[in-house]
Amino acid sequence: MAILEIKNLNKYYKQGKEQNHILKDISLNINEGDFLGIVGPSGSGKTTLLYCLSSLEKIDSGEITIEGENIKDFDNQKLADLRKYTFGFVFQFYNLIPNLTAYENILLANVIANNNNEKKIDELLELVSMTKYKDYFPNELSGGMQQRIAIARSLVNEPKILFADEPTGNLDQKKGNEIMELLTKLNVEKKLTIILVTHNEDYLKFCNRTINLIDGEFVG
């Protein structure tokens, strides 16, 4: 069953008097439980597509529907709730708050969503194999460990879709593979739908579907 449906999506960016056509008539269905990898060269529109699908950027034309509802019809509050409860986000930069411990970084996301489920945080720390590091500050953790905490934070409100924008971009191949294995575990065991943007084609082996984006269009 399609959880996200995209029809004839177009996105432009203005540069002076010029308009750059970044995404060109993109149509795509994403099913529940998909692990979709989006690959392409720098400047191909991968991250822009991810941001449009996750409602972080507005599209110029076309339709995006989430479980049958057109995102275009959502008001600001409903969009905020969508990003808070239905979507989870993991980025290349971990964006952890430096003066909060690993545990507190996850707790903050819980509090922002008006939850206070400390048991849930402990479960997430165990899920990402970071329980014994919960009282460490970000600068005491390796990049791979910080990304594990960022992933746990993204899951605190049990999203249906996880958007991952170059989540291994700051990691070496070994640590990158560990993060990809963790995402695969979430996809298989938790049935979490994952949409991944990467420039590294080696990581596509973890995905069950792949898309090659070049100059704002699907190829291959």
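None of the figures in this text is laboratory data; all of them are computed from the coordinates on show. As the structure is a prediction and not an experimental result, all values here were calculated from the model. Please note: Cβ atoms are built from the backbone with ideal geometry, for glycine as well, and neighbour counts cover all protein chains shown.
Using the Cβ-Cβ distance between Glu118 and Lys190 with R0 set to 22 Å, the FRET efficiency works out to roughly 0.65. Reported to the nearest whole Å, the Cα centre-to-centre distance from the stretch 166-186 to the stretch 1-70 is 24. Modelled label-to-label distance, Ser129 and Asp60, 7 Å Cα→beta-carbon offset: nm? Roughly 4.5 nm, to one decimal.
Cβ neighbours within 10 Å, averaged per peptide: list 104-110, 139-145 in order, most packed at the top.
104-110, 139-145
When the Cα positions of Val111, Ile30, Asn208 are compared along the charge dipole of the chain, Val111 comes out farthest toward the positive end, with charges on each C-beta of Lys, Arg, Asp and Glu. Near Ile66, once Lys and Arg are set to +1 and Asp and Glu to -1 for all other residues with Cβ below 12 Å from its Cβ, the sum equals -3.
At R0 = 30 Å, how high is the FRET efficiency between Gln19 and Tyr85 if r is their beta carbon distance? Nearest 0.05 is fine. That gives a FRET efficiency of 0.30. Just name one of Asn139, Leu96, Gly62: the one whose Cα is farthest towards the positive end of the charge dipole of the stretch 46-161 (beta-carbon charges, Lys/Arg +1, Asp/Glu -1). Result: Asn139, furthest along the dipole toward the positive end. Against the compact-protein benchmark of 2.2 N^0.38 Å, the Cα-based radius of gyration of the chain scales to 1.02.
With the simple model of a label 7 Å out from the Cα in the direction of the Cβ, Asp73 to Ile214 spans 3.9 nm.
Computed about its Cα centre, the charge dipole of the stretch 2-214 is approximately 220 debye, with only Lys, Arg, Asp and Glu carrying charge at their Cβ. What is the local net charge at Thr47, summed over the other residues whose Cβ is closer than 9 Å to its Cβ (Lys, Arg +1; Asp, Glu -1)? It works out to a net charge of -1.
When +1 charges are put on Lys and Arg Cβ atoms and -1 charges on Asp and Glu Cβ atoms, the dipole computed for the stretch 100-180 relative to its Cα centre reaches about 80 debye. The helix-based estimate of mean residue ellipticity at 222 nm for the chain, built from -39,500 (n - 2.57) per DSSP H run of four or more residues and divided by its residue count, is -8500 deg cm²/dmol to the nearest 500. Counting only lysines at least 8 places from Lys58 when in the same chain, those with an alpha carbon closer than 22 Å to its own are Lys7, Lys11, Lys14, Lys17, Lys24, Lys46, Lys72, Lys78, Lys84, Lys160.
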